[in-house]
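For reference, the structure discussed in these notes is given below.
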Amino acid sequence: MNQNTYPTSPVMPEMFEGDKVIQFRCHKGIACFNACCRSIDISLTPYDILRLKKRLSLTSTEFLEHFTFPFEMEANGIAGVKLKPVENGTACQFMTDEGCSVYEDRPTACRYYPVALLSMRKQDEYVDREAYALVKEEHCLGHYEQRSLTIDDYRNEQGLEPFDEASRGWRQLILKKKSSGPTIGKPSKRSLQLFFMACYDLDRFREFVTSESFNTIYTISDEERATWASDEVLLQFAFRFLRQVLFGEESIKMSEDAVFVRRKQVEDERMRLELEAAALRAQQEEGPMDEDE
Ligand code: SF4
Ligand code: SF4
């Protein structure tokens, strides 16, 4: 199954709305049963990880270590996570002769297949749009089954609503990063690490936000802190935190001292980028050095 949620794909396939009628049915008796799970390339959303780690009674850190590998969504870009296949093979670790062993908690990409969710933002628009594409792979015989339904009905059947809803904030962060254009130099290692921890390693993020150092910087009420017992609530806070740290959308109150330090860091970072840009311009204006010089 070569299926991702395509938040950053440079190739724009034919796009459809939810009312598009598709012909498709997948069932246990079909000749290609399990074919799609024998060779996987599946990106996980933060909510996929939350569901799977719960299902397997693991911490997010343990789940990431055993069942995933990290990848970069675009050069110098954003950290992503993919399902790790079986050792020395391409099949999914959750595949059995009977089908998917984590079926009720299977990832978003597996639910969508053969539909793909496309998230995009037009340059002159402030709203994110969602559209769909259809993936037709040779080995998948489901396209020849006599059943027609709209993509909206297919999404309902596959229980996608809570998955899409819970990871919407993550997709928006990726779009925001994309539409903010190329940055000079790599994003700092710390911001990449923060993104990875907040989105994918939720149990570590919980340790981080309940630590003393976090609480000397941010002012969080006891009521709000109590809601973090729920992974689902904490995940939404993680997206909010990242919007603040990465894009300056301040919604979490900071202590006076922390505000001062943060402003200084922002100013230092702005200076660093300006100096890098000036150095780059100077180098371009000088042109290549003559060998005899
Ligand atoms: S998680 Fe389940 S449906 Fe998805 S690739 Fe693995 S076995 Fe197949
Ligand atoms: S019909 Fe397609 S999705 Fe279903 S088992 Fe066959 S290859 Fe996989």
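Structure notes:
- Among the residues making up the range 208-231, those that are closer than 17 Å to LYS53 by Cα and loosely packed, with under 13 Cβ neighbours inside 10 Å are ALA229, SER230.
- Taking residues in the range 114-141 that are modelled with pLDDT under 90, and partners anywhere that are part of a strand (DSSP E or B) and of a type in the set (Phe, Trp, Tyr), the pairs with Cβ atoms closer than 9 Å and at least 6 places apart or on different chains are LEU118/TYR132.
- As a summary of the residue check, TYR132 satisfies the conditions (1) in contact with a strand residue (DSSP E or B) (Cβ under 9 Å, 6 or more places away or on another chain); (2) within 16 Å of ligand 1 (Cβ to nearest atom) except for the one numbered (2).
- Near pairs, Cβ below 7 angstrom, 6+ apart or cross-chain, from the range 32-58 (not assigned by TED's automatic domain parsing to the domain that holds ASP231) to any residue that is in a helix (DSSP H, G or I) and within 16 Å of ligand 2 (Cβ to nearest atom): CYS32/LEU141; ILE42/ALA109; ILE42/CYS110; SER43/ALA109; THR45/THR108; ASP48/THR108
- In the range 29-51, of all residues being more than 11 Å from ligand 1 (Cβ to nearest atom) and small (Gly, Ala, Ser), the one that is surrounded by the most Cβ atoms within 10 Å (Cβ to Cβ) corresponds to SER43.
- Tabulated pairs, the range 77-97, first closer than 26 Å to GLN193 by Cβ, second more than 10 Å from ligand 1 (Cβ to nearest atom) and aromatic (Phe, Trp, Tyr), C-beta under 7 angstrom, 6+ apart or interchain: ILE78/PHE195; ALA79/PHE195; ALA79/PHE196; GLY80/PHE71; VAL81/TYR200; LYS82/PHE69; LYS82/PHE71; LYS84/PHE69
- The residues in the range 64-88 that are within 13 Å of ligand 1 (Cβ to nearest atom) and closer than 23 Å to LEU160 by Cα can be counted, and the count is 5.
The values are calculated or read from the model by the stated rules, or taken from the named source; none is laboratory data. In this text, all values refer to a predicted model and were calculated from it rather than measured experimentally. Because the Cβ atoms are built from the backbone with ideal geometry, glycine has one as well, and the counts that use them run over all protein chains shown.
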